[in-house]
Amino acid sequence: MRDLPVRTRWTIEDVRWALRQDAAGFFVLTNTRSLAPADAAARDREVVTACLKAAEGEGVRLAFASRSDSTLRGHFPLETDVIGEVLAEQGDTVDAVVLAPAFTDAGRVTIHGTHYLRSADGLTAVADTEFAKDATFGFTSSRLAWPRRARAASSPRRSPN
């Protein structure tokens, strides 16, 4: 989506301002990738809560999209889980989490389950780029089996009973 208001603060008034704009939506930049998981979760909770209160004040209903880094670094599925938890506390539910691993304008695409970075030299698997060496969110594979593993790892273990 293009030409949307962007907020770097998320007070209820900031969000109400964004909701009053003649736009299909708005972005709140949270910079959670720079935070430890617990701090990222707390920030996400704060943002979602402010958005819901602002929406209630404006009489509108919201849909949430959690945009991640285009090379798939970040706190997934933590951040989408927090959105779901806050919505559940308000009596709402999440219908689905859709992972769309592409940012074509920046040259990030996924083809047959492998995530690539496009440059003037062609396509390079992201595990073969400098992004894979990220100190916090480094990775060794460009294959996208990891979202299933991340989701499984974050789910509560069921007892064998």
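The values are calculated or read from the model by the stated rules, or taken from the named source; none is laboratory data. Only a predicted model underlies this, so the values are computations on that prediction, with no experimental measurement involved. Glycine gets a Cβ as well: all are built from the backbone with ideal geometry, and neighbour counts include every protein chain shown. These accessible areas exclude ligands, DNA and RNA; they are computed on the full protein's heavy atoms, side chains included. Shrake-Rupley method; radii C 1.70, N 1.55, O 1.52, S 1.80 Å.
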Bounding extents of the chain in its principal axis frame from Cα atoms, largest first in Å, are 52, 49, 27
D for segment 65-124, whole µm²/s, Stokes-Einstein with Kirkwood Rh over alpha-carbon pairs at 25 °C and 0.890 mPa s: what number? 185
Check which residues have an amide H placed less than 5 Å from residue 27's amide H, if you skip close sequence neighbours. 6, 7
Take the solvent-accessible surface of the protein heavy atoms, probe 1.4 Å, and return the percent of it on the chain that carbon and sulfur atoms account for. 50
Determine the distance separating the Cα centre of segment 7-59 from the Cα centre of segment 123-138; give it in Å without decimals. 29
Nothing charged except the Cβ atoms of Lys and Arg (+1) and of Asp and Glu (-1): what's the magnitude of the dipole of segment 67-106 about its Cα centre? Round to the nearest 20 debye. 220
Among DSSP beta bridges lying fully in the chain, give the percent that are antiparallel, nearest 5. 85
Accessible surface, per residue, of the chain when the full set of protein chains is kept, probe 1.4 Å, Å²: 66
Across the Cα atoms of segment 23-116, what radius of gyration and what greatest pairwise Cα-Cα distance (Dmax) are found, in Å? 14.5, 44
